[in-house]
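The values are calculated or read from the model by the stated rules, or taken from the named source; none is laboratory data. Keep in mind that this is a model prediction, so the values were computed, not measured. Methodologically, a virtual Cβ is constructed for each residue, glycine included, from the backbone with ideal geometry; neighbour enumeration extends over all protein chains shown.
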Amino acid sequence: MKINKKILIVAALIFLIVDCALLSYKILFKKEYPHRVHKPKIDYKYSVFLTSDDGPLVGSKYLDQIVRDYEVPFTIFLVGKPMSSDKKLMTNLLRYKSNPYALLANHSFTHANFHYKKFYSDPKGVEKDFIKNEKYLKLTSKIGRLPGRNVYSIGDVTKGEPNALKAAKLLSKDRDYKFYGWDYELRHSSDAKITESSAIKHYNRIKELLKSGKTFRKNEIIILMHDQMFTSLESQETLGELILLLQDDEEIKLKTLKEYKL
Ligand SMILES: [Zn+2]
């Protein structure tokens with residue numbers, strides 16, 4: 001009987017020690033490496049800025065989930081008009097607002113109603129449209145992207161179609177806005193599927209562009225996507241794989257446009 005008691009006590013102690021060891025291993029492991037996408041980048045060379053336009057739309061909730069699942073910095077350019085006529089989109093806006101990895105930015109209220117030439121013939125009107133969107137969506141970042149035009153206006157550094165650039169410069173002067181275009185696009189077809197579904201092909205092209213210095217600013221690349229493409233499972237999968245490839249690259253760090261350098 002005595003021996004049995006001793007065995008039980010020893011067994012209980014062994015269990016306790018093993019359990020504590022496992023628990024501390026788990027805690028330590030979690031502290032060092034919370035997610036496999038958080039690989040430390042001590043000597044990174046390139047900055048990659050993932051961006052998506054035109055939300056909140058139906059596809060936004062899928063993009064929001066990808067951004068959360070991969071814990072990846074992302075800049076989201078928002079348009080207010082679709083939400084003003086479809087209140088269900090409000091849920092997707094609220095998802096973005098509570099997403100700690102997303103930087104929310106301004107992409108105009110009307111998206112020029114898709115008549116760009118007319119829209120940019122009136123820079124004051126463009127300014128009003130952006131301010132309306134800022135107020136409607138309660139945006140605070142002062143980061144913008146013009147609808148339908150690849151324009152940069154960051155302080156004195158500017159590039160793009162002259163009329164659109166005039167509007168961007170006006171908003172920079174009056175409202176302290178910075179405007180960002182893009183270097184590379186993940187295109188999609190009318191059924192929302194990504195045109196090129198191979199993530200490794202996109203990754204290789206992004207790497208080539210960075211190495212050749214053919215981006216707007218050296219060692220930085222802005223990637224354009226659109227919220228509506230993420231209703232497609234194929235688009236979701238390609239983006240997920242691309243994020244993992246980028247995160248796994250020692251030379252690359254993913255950032256929001258708040259960290260874009262001139
Ligand atoms: Zn757009």
Top-ranked residue in the range 144-195 [being polar (S, T, N, Q) and assigned to a loop (DSSP other than H, G, I, E, B); ranked as farthest from HIS111 (Cα to Cα)]: THR195
Just name the residue that is farthest from ALA112 (Cα to Cα) out of those in the range 42-92 that are charged (D, E, K, R) and part of a loop (DSSP other than H, G, I, E, B). ASP43
Being at pLDDT 80 or above, exposed (fewer than 10 other Cβ atoms within 10 Å of the Cβ) and among the acidic types (Asp, Glu) narrows it down to one of ASP53, ASP43, so name that one. ASP43
Those residues of the range 123-163 which are over 24 Å from the mean Cα position of the chain (by Cα) and either within 16 Å of the ligand (Cβ to nearest atom) or in contact (Cβ under 8 Å) with a residue 40 or more places away in the chain (or both) amount to PRO123, LYS124, VAL126, GLU127, GLU161, ASN163
Quick test of your reading of the structure: ASP227 fulfils all but one of (1) away from the ligand (no atom under 16 Å from the Cβ); (2) over 20 Å from TYR44 (Cα atoms); (3) charged (D, E, K, R); (4) within 18 Å of the chain's Cα centre (by Cα). Name the failing condition by number. (1)
Pairs, please: C-beta under 7 Å, at least 6 apart or cross-chain, first residue within 10 Å of TYR96 (Cα to Cα) and not assigned by TED's automatic domain parsing to the domain that holds ILE252 and in the range 47-65, second among the hydroxyl-bearing types (Ser, Thr, Tyr) and surrounded by fewer than 23 Cβ atoms within 10 Å (Cβ to Cβ)? none
Matching entry among LEU254, LEU165, LEU239, LEU244 (being within 23 Å of GLN65 (Cβ to Cβ) and surrounded by fewer than 22 Cβ atoms within 10 Å (Cβ to Cβ)): LEU244
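Does LYS211 fit the bill of being assigned by TED's automatic domain parsing to the domain that holds LEU245, away from the ligand (no atom under 16 Å from the Cβ), of a type outside the set (Gly, Ala, Ser) and surrounded by fewer than 20 Cβ atoms within 10 Å (Cβ to Cβ)?
So LYS211 passes the test.
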Candidate set: the range 95-117, residues that are assigned to a helix (DSSP H, G or I) and within 16 Å of the ligand (Cβ to nearest atom); chosen: the one surrounded by the fewest Cβ atoms within 10 Å (Cβ to Cβ): PHE114
